[in-house]
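The values are calculated or read from the model by the stated rules, or taken from the named source; none is laboratory data. All values derive from a computational prediction rather than experimental measurement. Reconstructed Cβ throughout: ideal geometry from the backbone, glycine too, with neighbour counts over all protein chains shown. Ligands, DNA and RNA are excluded from the accessible area calculation, which covers all protein heavy atoms including side chains. Shrake-Rupley method; radii C 1.70, N 1.55, O 1.52, S 1.80 Å.
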Amino acid sequence: MSGLTRYIARRVAFALLLVIIVSSAALVLARLAPGDFAASSVGLEARPETIEQTRARLGLNKSIGAQYRDWLASAIRLDFGRSLQYDRPVTELIPERAANTAILSVTALLLATVVGVPLGTIAGSRGRGILPDAIRAVSLVLLSMPPLLTSLFLVFVAARTGWFPIAGMRSAAPVDGGATLDLLHHLVVPSLAIGLPLAAMLERLQAQAVSETIGQPFIVAAIARGVPRSRVLWRDAFKASLRSVAAVYGLVIGTLLSGSFAVEIITAWPGLGSLMLDALRARDVFLVAGCAGTGAVFLGIGTLASDLALAALDPRAREA
Amino acid sequence: MTLDVEPWLAESWSADADGRRFTIKLRQGVTFSDGHPFTADDVVFTFRAAYDERTASALHDSMLVAGKPLDVAAVDPHTLTLTFPSAFAPGVRILDNLPIFPKHKLEPMLQAGTLAKAWGLSTPPAEIVGLGPFVLKEYAPGQRIVLDRNPRYWRKAADGGALPYLDRLTLEVIRDQNAELLRLTSGQIDFTYTEVPPESYASVKRAAADGIVRLFDLGVSMDPDSFWFNLKPGAFDGDPRAAWLQKDELRRAISMAVDRRRFSDTVFFGAGEPVYLPVTPANKKWYPSDLAPIAHDPAGAKALLASIGLTDRNGDGTLEDAHGQPVRFTLITQAGRPRLERGAAVVKDELAKIGIAMDVATLDPAAVIDAFFVKKKYEAVYFHAAFSDTDPATTPDFWFSSGGQHFWNMSQPKPATDWEKQIDELMARQIATPDERERKRLFAEVLRVFSAHQPVIYFAAPRVYVAVASRVTNVTPAVYVTPVLWDPDTIAIRH
Amino acid sequence: MKLGVAIVVIAAFAAIAAPVLAPYAPDRKFGGLLNAPPTVPHLRDDDGGWHRPFIYRWRLVDQLEQLYVEDRSARFQLVWFTQGHFVLSSNEGAAPLLLAGTDSFGRDVFSRLLFGARTSLGIAIVAALGALLLGASVGGIAGYSGGGVDETLMRVTDFVMVLPAMYVALALRSVLPLVLSPSTVFALLTIIFAILGAPFVARGVRAIVRTERRLDYAAAAEALGASGPRLLFVHLLPAARGFLAVEMTMLIPAFVVAEATLSYIGLGFSDPIASWGTMLRDAASVRVFADFPWLLSPAIAMFMVVLGLNLALQRAPEAMRYGRPNRGVESIR
């Protein structure tokens, strides 16, 4: 096996370990939180005996240790339990919602990268001027707005103008143009809500990195040699400056999942973020564990991709 | 909405001489949504299911009278007898709580003891069979419920046409109130499941002016938010405040100290009415018209507290007891519900004016229920609990000291205080007496005792506003748990 | 840069001098003035006459819709340096001075902005510094050492990142007493945020230190006898200064907002403590954009602070760079 394959294998193994650890931690934490699914779901009309019977039926009356052992035993067989709220296997509920979040996240990330990184390069390469100052101002505005307010604002604008649907992932009735176009139409508001602040973050990081890179000797040398300035910027400086963005990109991917729940809730996007939040509120312990584990998967993929990109970008820093 | 009982699946009924036995004639020709005929056996089966110990149904307690089950028997396929264990004035009203289940689908599960799991969220929709105007078409977990019209629905319109008029009803899960409102005011949804809160009134009014929705003002609501202390004897053993924390005087002083007008102005922006009891003027039949409201009297409140030894001994603005223990307690309430959070904030301010220091802890809903309902470890709670019906006889769990919803001290083996004993006796008579005027008089007496001891303190109830999209016709919004959907049969859409 | 420093200094001053600069206590509620618009100081009246700064009072037109109309019949002059405050209205009862309007409880938004700066900026800045310190140390050591140490440290940061913060917070809430003193909440939030922010910082710093490690100047310093820690802290980490500065300007608003999210489960501040996070959460309603835009002032304030920090920190990394040639190129057009 080559060094790279070994490296990837090691990372995958670790990622699996992380999924188990995080799911376990989430399960235990959800059990520790006050209240449980039985009491809050059956409601105030129930007698204590009813609550106890519901608990027994759902397996919530076991001690945390016993419940964890049982869960782990079935998890190894890839059975992650049944959701208490929805009475379906966790493995049935998560993939569809995770896919929805993935669609949203990828779109938002693409948007953020395509907008943020070039703008950051421009802003970082010019120092003073109207354009870089304007870019910086817009980025800072976006960074200062909480995601809740940004999404609320976008939904408000969409409602007022009627240009875009303000909720959901697809229309209830068939729409002309086809399903894909309908999906894209629905994607606009939520992906802007996530993507714009993300673009601002990438822009700021890239601007900083570029302004440092252009002071370096190899850039000065290239300009002195007569290489066209735009080529120097967009080919040499750009590549060298990507390391900061690449470094956090992985974490961004990994946390898009949990950071997007505000947006998912306001735009009613049926994704993993809102599933996690509902599960937490309802103390749906198995679903909580499943969602946390899925988050770990996202993060594992993200950080691996990020580390590989870093190595590719800067051969000087590659592992032996 | 009259809140009176009307014939539905039961076409007519008659009581025998002592009012304990009813003979009920069921409507003929009614079938379940799968075509199976509806008979008295289904009613008997439903009662058996409700009372079944293995099933542990939440319906169980609401179908008991004085703690005992009813006796139901089928005489013939369309007649049954209902015998009450003791006199029960509301009579067949008790059946309002009971949805009728199909024996032909669920009997095997009841026999096997698995009825509690029988129709769950993962049951195929076609399996779930009922008698109502709609049937379940689709359930997407956490997203939506789709209901299609039941072609076999027994009810017909006044002109003989088939009901319901709607072909499909989609209930979407919208977690955020702002999102729900935006969708309503831009015409993307037809109505909201619950009322329009006062803080959103202006947006909806604008939409009404633009012709997108129709706005209904239905008067004051039925269920105010409840503020109560943990009155379980011994709950504060070892706590230096035990001597006064559960005293009547403290609660009465709190009730006097809060300016209910100011409460309504702040929490509901003026769209609210002061209330003092679990029953509001919306409950026309049972609200006592001769009630003397509790006047806003901070000086009187202070005097009342001084009478149990709570005065400001060191001039720091907070009252202390004889041992120097400050009058300070913690109120828990539910996060994410503006009515409760705002209400708690107003009460905190008002109490600070008379020297009571109240700390407010907002917790997420499961934690609140756990604290007061399960663990019963709390000092005071501010919460919203709704009654299922207006007739107090059908909500005995709240009024009786032995009840499971007697929130301040649940399921007492025998009444812990004299006044609770008094209420128990009055309510028992109220339930058994057939004479309506006497029942009202007895209940007014119950409320008088309740008011004198304030086990639960009420401040204000909001006005109920309901908005319905203008394309929807034949709606009769009412002050009820489901303001619009309580009467779904005749709802229609204008094209 | 000077502009940036000026903004930051003004913000700090405003926060520190809040009791004097703010007309009212942050929890003072004006009944009958819920969601009232700002009382704008005027110098000219309707007839064109000049006066000392004055305000008009608000007259409530519709209580349920919170509609107000300016009552131009009377002018209320502003009074300066009285009763321990910088500026007040001459008639507090009839016409309170509401420079940024009121919120849904009738509390003066401007006063809450100033007092809230103490809480929110305090937590955000301390937590950001903590995150930077923790993250830079972890990332620096990882990037410098490479190999097993690097992998271990990075996996630990992965774990911190992926653990859902809300679950931890909820569990934490349940083991803490119901009523927490503001200082406890302050300390708790600062620590939580510092830990949550550190991984982003760590990864970025690690990437930077790894590349710098192999550059000529580092090899030269090593050859000259610089020990490991000295090499790391004096030579390599300063290369990450720029990244750290940008991270700081991103962490601060994120922490202010996170504080509001945690207050939902009870790990937050309540009256009388004001905080920008809770102000923004209270502002998140359908009506805020169309009807009550002044409720968004904490976002504007945050923008100003972040802008100031960004401007102030921008040139700093260029000022000192040990052992590297000064910039010959300021910009590429």
When (1) open to solvent by 20 Å² or more (accessible area, probe 1.4 Å); (2) facing another protein chain (nearest Cβ under 9 Å); (3) touching a helix residue (DSSP H, G or I) at 6+ places or on another chain (Cβ under 7 Å); (4) at pLDDT 85 or above are applied to C:I273, the one that fails is (2)
Mind counting the residues in the range B:1-57 that are under 25 Å from B:A126 (Cβ atoms), open to solvent by 50 Å² or more (accessible area, probe 1.4 Å) and small (G, A, S)? 1
Residue selected from the range A:308-320 under the condition facing another protein chain (nearest Cβ under 8 Å) and at pLDDT 60 or above, by the criterion nearest to A:G250 (Cα to Cα): A:L310
In this structure, is C:M250 of a type in the set (A, V, I, L, M), open to solvent by less than 30 Å² (accessible area, probe 1.4 Å), more than 10 Å from chain A (Cβ to nearest Cβ) and in a helix (DSSP H, G or I)? no
Restrict the check to the range B:102-109 and report whether at least one residue is open to solvent by 60 Å² or more (accessible area, probe 1.4 Å), of a type in the set (K, R), touching a helix residue (DSSP H, G or I) at 6+ places or on another chain (Cβ under 6 Å) and over 30 Å from B:M427 (Cβ atoms). yes
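Conditions (1) closer than 23 Å to A:P132 by Cα; (2) among the charged types (D, E, K, R), marked per residue:
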{"position": "A:P190", "(1), (2)": "no, no"}
{"position": "A:L205", "(1), (2)": "yes, no"}
{"position": "A:Q208", "(1), (2)": "yes, no"}
{"position": "A:E212", "(1), (2)": "yes, yes"}
{"position": "A:G215", "(1), (2)": "yes, no"}
{"position": "A:R225", "(1), (2)": "no, yes"}
Top-ranked residue of the range B:280-317 - restricted to ones that are closer than 30 Å to B:S221 by Cα and of a type in the set (S, T, Y), ranked as most open to solvent (accessible area, probe 1.4 Å): B:S289
By residue number, the members of the range B:369-394 that are facing another protein chain (nearest Cβ under 10 Å) and touching a Ser or Thr at 6+ places or on another chain (Cβ under 7 Å) are B:I369, B:E379, B:F383, B:A385, B:S388
Note down all Cβ pairs under 7 Å where the first residue falls in the range A:284-301 and is under 13 Å from A:A33 (Cβ atoms), the second is open to solvent by less than 10 Å² (accessible area, probe 1.4 Å) and outside any helix (DSSP H, G or I), and they're at least six residues apart or on different chains. A:D284/A:S83
Looking at the range A:1-19 only, could you name the residues that are outside any loop (DSSP other than H, G, I, E, B), over 26 Å from A:Y68 (Cβ atoms) and either modelled with pLDDT of 85 or more or not hydrophobic (A, V, I, L, M, F, W, C) (or both)? A:G3, A:T5, A:R6, A:Y7, A:I8, A:A9, A:R10, A:R11
Determine the pairs where a residue that is under 24 Å from C:A245 (Cβ atoms) and at pLDDT 85 or above, located within the range C:136-151, has a partner that is β-branched (V, I, T) and surrounded by fewer than 18 Cβ atoms within 10 Å (Cβ to Cβ) with Cβ atoms under 7 Å apart, the partner being 6 or more residues away or on another chain. C:I141/C:V149; C:A142/C:V149
Just need a number here: residues in the range C:100-131 that are farther than 19 Å from C:P272 by Cβ and either part of a helix (DSSP H, G or I) or under 16 Å from the mean Cα position of the chain (by Cα) (or both). 8
Considering only the range B:370-398, state which residues are among the hydrophobic types (A, V, I, L, M, F, W, C) and either touching a Pro at 6+ places or on another chain (Cβ under 6 Å) or modelled with pLDDT under 85 (or both). B:A386, B:F387, B:A393
Taking the residues in the range B:127-142 that are open to solvent by 40 Å² or more (accessible area, probe 1.4 Å) and closer than 16 Å to B:R168 by Cβ as candidates, determine which candidate is farthest from the other protein chains (Cβ to nearest Cβ). B:L136
One residue from A:G124, A:G120, A:G178, A:G129 being within 11 Å of chain C (Cβ to nearest Cβ), free of Cβ contacts under 8 Å to residues at least 12 places away in the same chain, of a type outside the set (D, E, K, R) and farther than 30 Å from C:A290 by Cα: A:G129
Of everything in the range C:155-189, what is surrounded by 18 or more Cβ atoms within 10 Å (Cβ to Cβ) and of a type in the set (D, E, K, R)? Give them in sequence order. C:D158, C:R173
Kindly establish whether C:V185 is away from chain A (no Cβ under 11 Å), β-branched (V, I, T), out of contact with any His (no Cβ under 9 Å at 6 or more places or on another chain) and more than 30 Å from A:I301 (Cα to Cα). yes
Of the residues C:L67, C:L121, which is surrounded by fewer than 19 Cβ atoms within 10 Å (Cβ to Cβ) and at pLDDT 90 or above? C:L67
Filter result for B:D424 (of a type in the set (D, E, K, R) and open to solvent by 30 Å² or more (accessible area, probe 1.4 Å)): no
Any chance you could count how many residues in the range C:29-48 are assigned to a loop (DSSP other than H, G, I, E, B), among the charged types (D, E, K, R) and exposed (fewer than 12 other Cβ atoms within 10 Å of the Cβ)? 2
From the option list C:P38, C:P26, single residue qualifying as at pLDDT 90 or above, under 27 Å from B:D265 (Cβ atoms) and more than 14 Å from every other protein chain (Cβ to nearest Cβ) is C:P38
How about the range C:281-293: which of its residues are within 9 Å of chain A (Cβ to nearest Cβ) and without any contact (Cβ under 8 Å) to a residue 24 or more places away in the chain? C:R281, C:A284, C:S285, C:V286, C:V288, C:F289, C:A290
Could you figure out which of (1) at pLDDT 85 or above; (2) surrounded by fewer than 21 Cβ atoms within 10 Å (Cβ to Cβ) isn't true of C:A283? (2)
Scanning the range A:185-220 for residues that are of a type in the set (G, A, S) and more than 11 Å from every other protein chain (Cβ to nearest Cβ), which turns out farthest from A:F156 (Cα to Cα)? A:A199
Among A:V227, A:V220, A:V188, which is the only one that is touching a Phe, Trp or Tyr at 6+ places or on another chain (Cβ under 6 Å) and surrounded by fewer than 23 Cβ atoms within 10 Å (Cβ to Cβ)? A:V188
The lone condition A:F156 fails out of (1) crowded, with 18+ Cβ neighbours inside 10 Å; (2) touching a residue at least 12 places away in the same chain (Cβ under 8 Å) is (2)
Within the range A:20-56, residues being open to solvent by 30 Å² or more (accessible area, probe 1.4 Å), touching a Gly at 6+ places or on another chain (Cβ under 8 Å) and in a helix (DSSP H, G or I) number 2
For the range C:206-241, the count of residues that are open to solvent by 30 Å² or more (accessible area, probe 1.4 Å), at pLDDT 80 or above and hydroxyl-bearing (S, T, Y) equals 0
